[in-house]
Amino acid sequence: MSEPFVIRISSQKGGVGKSVVAINLAAALKARGYKVLLVDADMSNPSIGVYLGVEDVNVGMKDVIQGRVDARRAVIPHYATGISILPGTISAKEYTLNVQQYDQAMSRIRRLSYDFIIVDTQPGVVYPHAFRNYNEALLIATPEMSSCLSAVKLAHLFNKYGLKHTLVANRLRNKKYEISIDEIEEVYENKVIALIPEDDIVPVSLSQHVPAYVLKRGAPFSKAVHELAKIYSGRVDVEEGDDGEGRKKEGGTGIIAFLRRIFRLR
Amino acid sequence: MRWFSIYVSIVFAIATALCQVSFASSNIANVSTSVHVPCVFGMSLSPTNPIFVLTAGAQVDYSIESLVECSISQLSGNFVLANSVSNIAYYTTNTVFNGISQTPTNGVFSIPSNSLQLGDGKATLTLNSLEYSNFTQLNYQVVTAANVFIASASVSPTNPSIGATLSAVTNVTNDGSLAATNMILNIMITGPGSFTYSTNVVLSSLSPSQTENTDFSINGATPYSGTYSLMENVSYQTIFTQNSVTYTLNEISSNTTLTYTVPSTGGGGGGGAPKAPLTPTSISLLSFTEMPLQTTVLAGNSTAVNLGLHNSGAVQLWVNITLPTFRFGSLNISASSILLQPGQTQYVQLLLTGASNFTPSVSYVLPINFSVAAVGSAPSYGQFYTAFKLTSLQPPSKLLLQSSTYTFSSTKSVLTQLSVYNPTNKTVYDAVVSTQLPTTVVQQNLTLTLTGESHNVTLLDNQYVLQWKIPQLQPHGTTTLTYSISNVVSSSYFLQPITTLSTISPQPISTLRVFDIKVPTFYVGKSSNITVSAIYTGTNETNITLNLQPPAGIFVKGQVQRTTVYPNTAFTTVFQISPIDMSGTSVFQLFVSSPSVNQSYVLPAVVLPQGLNSSSSTQQISSSAVSSISMYENATVYLLSGAVLLLVVAAVYLVYRRMTASTYNSERAKLMIRMKQRVKRELEGEEGKE
């Protein structure tokens, strides 16, 4: 690619697993051979560095935004995964983002030679004027009403500013109290491109500062992230199902897939 | 709930069907538990394809155990050895085993050497309990150890002077089935005045059918005048290895005795014509047209020879013949008193009969006395000697020199006839008859003529060596060999017994013998093994190569195999054959070679389609009808029940997952859509304001 594909990891609510998805998506794309830059643009609570064990940095995204440091100098490699990180800096001071500076900073970051740039953003904060720097927004929602409605609200905003978006259902337990995927898609008015299960490998990986995708490739969480990365790498569009109800066929075709759907095995 | 009902119904139907099957099987199992199952047992004999040496006896290992969890108080039966060809048993021992359980009962059958028979045999162990019987078999081969004997021996001169050195020639043959090693020729001499002398000569090892001629000198064995007895025998070992176990047999051949006499006043030195009792060619007016010089007679049998008498005068002659008596046989004549007219020739027969008990391989020189008188005149006396050799029925390798006849005519020519007889029931191959004539007897080689079979004459150490080669002599067959000499110098030589008759027969046995090739029945798509067992009886360590060439399209793992073998070693080679794609007959070729041996074998192998069973069975099982309930069916019941249980558990789990999974809630969906639309209107309202 001549220009990087920039993905805005977005959610209206905190705690939906946005940073975890951002980190593991970056690791999965890196494993597929791409050059990946992971940007922590959460000014209030930057967690990328904390999760990956690079929290003790002197310069970060805030410095790049404020123009105190060149973006190239702020990027550090994560040796365990091979991805490059532009971390946030933890500070007790309140910071009010200058949108224009942010926009310019993103423009400079886009000029870095990467295939994918994944930007972890602050939940609930949207700078529409900076949307031009992104190719696509990836909405993260959990299977509960408030999270879904928040994601839908954000989706509407993206529609308004012409930013393409897709939705991922995260932290699925497949319990009766959860909202079904059908309901989510009905409200979202589009397909959910990935179903990421709740998996114990995630807290384990965070404690070891290694992405779950690298720690245990065969875990259900890693497999789901792998499929998500495939979508982005191949830019495969989600296909309409032929059952007339507009739902994506889950898990492929064949007898096994049919049985899995019948018994709701994901 | 509708879907759940359908799911549960399907699972229940499947589980019910499977349970009915397992129930049916378990019913059989229930039946089996109420019916007595016999305590079946298995057994085996080892080692596989053994070779036993006849004189060493045999040991066969056995192992018996019950095949199910039960014990047998007593098993009885027998262990039988039988000839593989005739199936006639030649050794049987009854056996009883108590307390047979799943722990194997091991032991050994020891068969004494006098109970073994040469050749291929099969050992069968048959055992019976009250309700079950079984048997197992083992194929084996019994061979003779090495059998060394002295085929011929001579010492010269037979009348040495005092202090002379003796030259001895001994021919040793091994006509056993295994190589003879560590061979020593032992020589013991006794003579006048309690003289004794002993020495030994180390000989080379001999493979089966191999012979060795040994020349050696003996000094210090002629100190006094008188007659000496020289006795020889060969001590040797047979060392045989099989299955990493080595057997060693120590043997001594039978004795061969020669005599020589040191005359009191000098005597012929070595190399000159020996002094011997004179054989007259005439006594007065009586001349001999035919005179037996040496006759070989089988112990317990008789042989007739002719004595030709001719009246060369012009008057009648009375001829009286007196025969001696001797210990190991008898001598009879057809007529002991003959009246010969002038110019008449008459023949009388001498009948020589050998006694059953005798000292073998000894020639007896018998004097036959003549008195010849013209009518009305005083008689003239004379004596001639005939050599009479007694022998026993030798192994097939021994031919008999049945008679030799001397004919002396007025032209001083001699015709000697050698009649060679095969006394056995086997054809003898490549027999060699040889004799020597001193050059003092035969003035010129050109005067010596041989007839019969293929022959040659060579000059060696002042002697003419005459040889005839008989390629084949049928059982009880006779062939006649002759040699004639014109212008003979002395007829007295021909009295000497011909002691250098040697035979080499039967056909030499190859030092490398393949005695067993196992070619199993092949099945399409399955691999199998071809096993080759062989024995090497050479006398030196050597390399053996076995090459099993398959037909096109078949692969043999280890097609060419090389191994180093030692003397008297039995070894087994296994060739792994790759799966064969088509049924029919596949022909393999086996090549076996060593530095001196090349053999080939054609091995056809039958390939059956998959699923066909071989018709041969090595186990015979007899039991009552209850034995149709078997462990095999019980295992099927257990497996089926386990599979049903697994399916039921899986079905229950899947149903549980289905029941606890999230489901579409239309009310909730409508609520979220309403809330989304409100948010949308708010956002659009703000846009309008903007």
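The values are calculated or read from the model by the stated rules, or taken from the named source; none is laboratory data. For clarity, every value in this text was computed on a predicted model and none was experimentally measured. Counting neighbours? That spans all protein chains shown, and the Cβs are built from the backbone with ideal geometry, glycine included.
Structure notes:
- Out of B:Gln74, B:Gln20, sole residue that is out of contact with any helix residue (DSSP H, G or I) (no Cβ under 9 Å at 6 or more places or on another chain), at pLDDT below 60 and not aliphatic (A, V, I, L, M): B:Gln20
- So B:Val432, is it surrounded by 15 or more Cβ atoms within 10 Å (Cβ to Cβ), at pLDDT below 80 and part of a loop (DSSP other than H, G, I, E, B): no
- Scanning the range B:116-126 for residues that are modelled with pLDDT of 90 or more and not in a loop (DSSP other than H, G, I, E, B) yields B:Gly121, B:Lys122, B:Ala123, B:Thr124, B:Leu125, B:Thr126.
- Which numbered condition A:Asn170 misses (of (1) of a type outside the set (A, V, I, L, M, F, W, C); (2) within 11 Å of chain B (Cβ to nearest Cβ); (3) touching a residue at least 12 places away in the same chain (Cβ under 8 Å)): (2)
- Filter result (of a type outside the set (Gly, Ala, Ser), within 30 Å of A:Tyr161 (Cα to Cα) and within 7 Å of chain A (Cβ to nearest Cβ)) within the range B:633-685: B:Arg668, B:Met672, B:Ile673, B:Met675, B:Lys676, B:Val679, B:Lys680, B:Leu683
- Residue within the range A:196-207 that is within 14 Å of chain B (Cβ to nearest Cβ), closer than 21 Å to A:Lys164 by Cα and of a type outside the set (Val, Ile, Thr) present: no
- Matching residues, the range A:15-55, being touching a strand residue (DSSP E or B) at 6+ places or on another chain (Cβ under 7 Å) and not aliphatic (A, V, I, L, M): A:Gly17, A:Lys18, A:Ser19, A:Lys30, A:Tyr34, A:Asp40, A:Asp42, A:Pro46, A:Gly49
- In the range B:107-159, of all residues being in contact with an Asp or Glu (Cβ under 8 Å, 6 or more places away or on another chain) and small (Gly, Ala, Ser), the one that is farthest from B:Thr222 (Cα to Cα) corresponds to B:Gly107.
- Residue ID - modelled with the highest pLDDT, chosen from residues in the range B:597-614 that are more than 16 Å from B:Tyr523 (Cα to Cα) and in contact with a Ser or Thr (Cβ under 8 Å, 6 or more places away or on another chain): B:Gln599
- The set of residues from the range B:192-226 being in contact (Cβ under 8 Å) with a residue 60 or more places away in the chain and among the small types (Gly, Ala, Ser) comprises B:Ser204, B:Ser205, B:Ser207, B:Ser209, B:Ser225.
- Residue in the range A:121-142 that is charged (D, E, K, R) and assigned to a loop (DSSP other than H, G, I, E, B) present: no
- Filter result for A:Ser113 (among the polar types (S, T, N, Q), more than 14 Å from A:Val187 (Cα to Cα) and either within 14 Å of another protein chain (Cβ to nearest Cβ) or assigned to a loop (DSSP other than H, G, I, E, B) (or both)): yes
- Qualifying residue in the range A:177-184 (condition: crowded, with 17+ Cβ neighbours inside 10 Å, under 19 Å from A:Gly14 (Cβ atoms) and either of a type in the set (Ser, Thr, Tyr) or more than 10 Å from chain B (Cβ to nearest Cβ) (or both)): no
- If only residues of the range A:127-152 that are within 12 Å of chain B (Cβ to nearest Cβ) and surrounded by fewer than 17 Cβ atoms within 10 Å (Cβ to Cβ) are counted, the one that is nearest to A:Gln104 (Cα to Cα) is A:Pro128.
- Matching residues in the range B:509-555 - criterion: being in contact with a Leu (Cβ under 6 Å, 6 or more places away or on another chain), part of a strand (DSSP E or B) and under 18 Å from B:Ser177 (Cβ atoms): B:Tyr536
- Among (1) within 14 Å of another protein chain (Cβ to nearest Cβ); (2) out of contact with any His (no Cβ under 8 Å at 6 or more places or on another chain); (3) part of a helix (DSSP H, G or I) - the single one A:Ala105 does not satisfy: (1)
- Filtered residues of the range A:1-51 (kept if among the acidic types (Asp, Glu), part of a loop (DSSP other than H, G, I, E, B) and crowded, with 21+ Cβ neighbours inside 10 Å): A:Asp42
- Test: B:Val644 is outside any strand (DSSP E or B), at pLDDT below 80 and surrounded by 11 or more Cβ atoms within 10 Å (Cβ to Cβ): no
Conditions tested, residue by residue: (1) over 20 Å from A:Arg217 (Cα atoms); (2) modelled with pLDDT of 85 or more.
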site	(1), (2)
A:Ala26	no, yes
A:Glu55	yes, no
A:Leu86	yes, yes
A:Tyr95	yes, no
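- If you check B:Tyr247, B:Tyr224 for being at pLDDT below 85, in a strand (DSSP E or B) and out of contact with any His (no Cβ under 9 Å at 6 or more places or on another chain), only one passes: B:Tyr247.
- The range A:153-167 - residue that is part of a helix (DSSP H, G or I) and aliphatic (A, V, I, L, M) and, of those, nearest to the other protein chains (Cβ to nearest Cβ): A:Leu157
- Residue check for B:Thr165: within 37 Å of the chain's Cα centre (by Cα), on the phi < 0 side of the Ramachandran plot and β-branched (Val, Ile, Thr): no
- Single condition B:Gln463 does not satisfy, out of (1) modelled with pLDDT under 80; (2) within 38 Å of the chain's Cα centre (by Cα): (2)
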